[in-house]
1. With a point put 7 Å past each Cα toward its Cβ, work out how far GLU256 is from THR379 in nm, to one decimal.
2. By counting other Cβ atoms within 10 Å of each Cβ, how are SER270, SER324 ranked from fewest to most?
3. Classify segment 178-386: rounded, prolate or oblate, from the alpha-carbon gyration tensor (a ≥ b ≥ c, eigenvalue square roots; a/c under 1.5 rounded; otherwise prolate if a/b is larger than b/c)?
4. Once phi is turned into ³J(HN,Hα) by the Karplus curve 6.51 cos²θ - 1.76 cosθ + 1.60 with θ = phi - 60°, what whole-Hz value does each residue of segment 245-252 show in order, with x for glycine and proline?
5. Name the residue from SER300, THR105, ASN249 whose Cα lies farthest towards the positive end of the charge dipole of the chain, charges +1 on Cβ of Lys and Arg and -1 on Cβ of Asp and Glu.
6. What list of ³J(HN,Hα) couplings, whole Hz, do you get for segment 289-300 from phi and the Karplus terms 6.51, -1.76, 1.60, once you set θ to phi - 60° and write x for glycine and proline?
7. Starting from the Cα of ASP214, move 7 Å in the Cα-to-Cβ direction to define the label point; list residues of segment 402-432 whose amide nitrogen is under 14 Å from there.
8. Which of SER334, SER456, SER307 has the fewest other C-beta atoms within 10 Å, and how do the rest follow up to the most?
Amino acid sequence: MNCDKVLYFFEKINEIPRGSGNEKAVSDYLVSFGRERGLWTHRDKANNVIIKKPASRGYENSKPVVIQGHMDMVCEKNAGVVHDFEKDPIKVIYDGDFIHADGTTLGADDGIAVAMALALLDDGSAEHPPIEAVFTTDEEVGMFGASSLDMTLIEGRRLINIDSEQEGVFTVGCAGGVKTKSLIPLELKAPEYTEFAAIILSGLIGGHSGIDIDKERANANKLMARILHSLSVTDKIELSELQGGSKNNAIPVYAEAIVACGDIKRLKASVNILSEQLRAEYADTDKGIDIRVEEIEGRSTVFSKESLEKTITALMLMPNGIQSMNTALGMPESSNNVGIVRTEDDNLSIVCAVRSAVITKKTYIKEQIEGLVALCGGTTEFIGDYPSWEYRHDSPLRDVFVSVYNEMYGRDAVVETVHAGLECGIISEKAPGMDMISIGPDIFDIHTPRERASLSSIERVWNMLCVILKRL
């Protein structure tokens, strides 16, 4: 079967703005879709949508299968691109074997899941057990839709999540996580120095704070802390503003500090030395590191000496990167990502993404952050805590996928757990005993304007899904 209908529905939902927190319109579309076809359709207060389709002829006695994905997408665009994610559609561009957008994220994460589910619900000739399609909201910002899902409405205990990005790699477990937001009060004063400069750190590779955390890439916020620490020792500086990173779950690629100094020429010379040192350190992962100093107009306030010391201490000592490894699986077990740093009025804000497959180790990292911030006179709140999805040794659903993939494509699938969050963790907690697997076609550079998806891979995964539903 070709995937024309999948692509048709993908283009339809891409006509509807659907960034996290802005899913009402696409939720409306899904509700109308289900009701127009006479299918059982339910929407909850979180705008999650469930649509049920009866079994095809001959499958009436089969147990239901749940097809699940999230309707929201990450909204990012290249500098200079004019696009309003609240109003403008995402343009799908066909380019050889790939589809991509026009300078923005494509939304294949997780629009492909929504499109495949709609194609199944719309196809009158497909052979399948009863289908329960579950479309969730706000996955990208904390999995709040899945957290609100009423699992008593779902009968199936076999779930296919279509939120992975590598064909032939079947995910059967994931880490749990939580977002932390720490606020450290700042004391501000009038500057003693008259020369002001922006220290701008850029050129880092970045990446996903879960699946890329083992690549040892530089974190812009941690590097800026090191720069400020060194300058506070070698040069006379005062800090006025600090910012870095844009998302808690993305390794930050940019940071900027506004400082006052006694000798800007000396400051530039010191930063040049630091730049060379950091480029040498990260020659294998972030060889494009660029640190420059730009003279700017003065600011009316700077941090007090004590507040500067607290800021540097908190950022220097904040846990970051892999915190523990699962040696049996050879993969990260626990990590933290110092994702966003901001000066907000009279506070320093630090937002992190904590992940762990072990709940007690996740708690330990949370306690480390909370304790460190408390020593600096601040407070920490925990947002969107979600559970891990534990590997299941006995999984008939996994066995069917592995067998069908080998039969269809003549190679063995990779079965793995991932150091990233999936809604399967929340669903497994709500529905103990649910047999689950996460699949998906090849999608590259998700969460960036470089996002692109392989058409041939979408078709292969679609065909595999159709064959598997015949087997279940």
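1. Label-label distance for GLU256 and THR379, simple model: 3.0 nm.
2. The most exposed by this proxy come first: SER324, SER270.
3. It comes out oblate by the Cα gyration axes.
4. Rounded to whole hertz, the list is x, 10, 9, 5, 9, 10, 5, x.
5. Farthest towards the positive end: ASN249.
6. 3, 10, 10, 10, 10, 10, 5, 9, 5, x, 10, 7
7. Residues 415-420 qualify, since their backbone N sits under 14 Å from the label point.
8. SER456, SER307, SER334
Since every read-out is calculated from the coordinates, none of them should be taken as a lab result. Keep in mind that this is a model prediction, so the values were computed, not measured. Using ideal geometry, Cβ is built from the backbone for each residue, glycine included, and neighbour counts are taken over all protein chains shown.
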